[in-house]
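The values are calculated or read from the model by the stated rules, or taken from the named source; none is laboratory data. Quantities reported herein were computed from a predicted structural model and do not represent experimental measurements. Here the Cβ positions follow ideal geometry from the backbone for every residue, glycine too, while neighbour counts run over all protein chains shown. Remember, those area values only see protein heavy atoms, side chains included, never the ligands or the DNA or RNA. Shrake-Rupley method; radii C 1.70, N 1.55, O 1.52, S 1.80 Å.
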Amino acid sequence: VVIFKDLNGNNKQDNDEEGVENMLVNIRAVSLFNNVKDSLEEKNDNGEDIISNQKGEVTLENIPAGIYKVKCTSLVSNGEWFEAGESEYKIDSKKKIYIPLTRGVRINGSILVERDKYSTLGNDLDLSRIRVTAMDSTGRTFSVLTDRKGNFAINLPSGKYTLTINESAVGENF
């Protein structure tokens, strides 16, 4: 398995597209072609976990041909690059599986507050540590905290999102 940053979006690793290290790759047998029980299948139903090397490669030797579910999860922040999730692949001893990371989008924003007309609070308002959450149509969420001035930046996979904030963190005077 090779995990790489797909710069041009063609789902193929080109010469200028680097592999991604520190990806946790889970490989789990769905069905084997030879109907023989395999040690991977007998060990556990959760599959095998392997971490990608500096070239983004993961190697499993002597596994029987079959259909396998492969799921990649980043162990470190990859910024604007996101894993594809879980997919099924037909795997045999001669096949190399390429899994592209896709580039997402970055949303920059800030929280603007309007003071209550009769507020006695000073001008230096701390808007730090307010959670901003982005939720996609499948219910998957991504969160970030604001800085002292209420600014935030969040990297997301491409898609449609609903942004919400923890309004109770601001208080009732706004």
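Quick one: is Ile63 modelled with pLDDT of 90 or more, of a type outside the set (Gly, Ala, Ser), touching a Leu at 6+ places or on another chain (Cβ under 8 Å) and surrounded by 12 or more Cβ atoms within 10 Å (Cβ to Cβ)?
Working: modelled with pLDDT of 90 or more: no; of a type outside the set (Gly, Ala, Ser): yes; touching a Leu at 6+ places or on another chain (Cβ under 8 Å): yes; surrounded by 12 or more Cβ atoms within 10 Å (Cβ to Cβ): yes.
Considered against the rule, which asks whether it is modelled with pLDDT of 90 or more, of a type outside the set (Gly, Ala, Ser), touching a Leu at 6+ places or on another chain (Cβ under 8 Å) and surrounded by 12 or more Cβ atoms within 10 Å (Cβ to Cβ), Ile63 comes out as no.
How many residues are in a strand (DSSP E or B) and either at pLDDT below 90 or open to solvent by less than 50 Å² (accessible area, probe 1.4 Å) (or both) when one looks only at segment 29-59? Outline the logic, then answer.
Just the residues of segment 29-59 that are in a strand (DSSP E or B), to begin with: 29-32, 48-51, 57.
Narrowing further to those that are either at pLDDT below 90 or open to solvent by less than 50 Å² (accessible area, probe 1.4 Å) (or both): 29-32, 48, 50.
Number satisfying all stated conditions: 6.
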inquiry  = Consider segment 88-106. How many of its residues are basic (Lys, Arg) and either on the phi > 0 side of the Ramachandran plot or touching an Asp or Glu at 6+ places or on another chain (Cβ under 7 Å) (or both)?
reply    = 2
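Restricting to segment 108-156, name every residue that is of a type in the set (Ser, Thr, Tyr) and either closer than 13 Å to Val170 by Cβ or not in a loop (DSSP other than H, G, I, E, B) (or both).
Once the filter is applied, which keeps residues that are of a type in the set (Ser, Thr, Tyr) and either closer than 13 Å to Val170 by Cβ or not in a loop (DSSP other than H, G, I, E, B) (or both), segment 108-156 yields Ser110, Ser119, Ser128, Thr133, Thr141, Ser143, Thr146.
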request  = Could you list all residues from segment 110-125 that are modelled with pLDDT under 85 and either surrounded by 10 or more Cβ atoms within 10 Å (Cβ to Cβ) or at positive phi (or both)?
outcome  = Val113, Arg115, Asp116, Ser119, Leu121, Leu125
key: Total residues in segment 14-28, condition open to solvent by 70 Å² or more (accessible area, probe 1.4 Å) and either at pLDDT below 90 or out of contact with any Ser or Thr (no Cβ under 8 Å at 6 or more places or on another chain) (or both)   = 3
ask   = Counting only residues that are in contact with a strand residue (DSSP E or B) (Cβ under 6 Å, 6 or more places away or on another chain), loosely packed, with under 13 Cβ neighbours inside 10 Å and on the phi < 0 side of the Ramachandran plot, how many does segment 128-144 have?
value = 1
query = Is there a residue in segment 51-72 that is touching a residue at least 12 places away in the same chain (Cβ under 8 Å), in contact with a Gly (Cβ under 6 Å, 6 or more places away or on another chain) and β-branched (Val, Ile, Thr)?
reply = no
inquiry  = Exactly one of these conditions fails for Leu75: (1) open to solvent by less than 70 Å² (accessible area, probe 1.4 Å); (2) under 30 Å from Val144 (Cβ atoms). Give me its number.
reply    = (1)
query = Is it the case that segment 155-170 has a residue that's at pLDDT 90 or above, loosely packed, with under 12 Cβ neighbours inside 10 Å, over 30 Å from Lys12 (Cα atoms) and among the hydroxyl-bearing types (Ser, Thr, Tyr)?
reply = yes
note = Inside segment 94-107, the number of residues satisfying the requirement of being part of a loop (DSSP other than H, G, I, E, B), closer than 20 Å to Ser52 by Cβ and open to solvent by 50 Å² or more (accessible area, probe 1.4 Å) is 2
message = Contact list please: Cβ distance under 8 Å, first residue in segment 134-148 and farther than 11 Å from Thr162 by Cα, second residue exposed (fewer than 15 other Cβ atoms within 10 Å of the Cβ) and hydrophobic (A, V, I, L, M, F, W, C), pairs at least six apart or on different chains.
response = Val144/Ala153
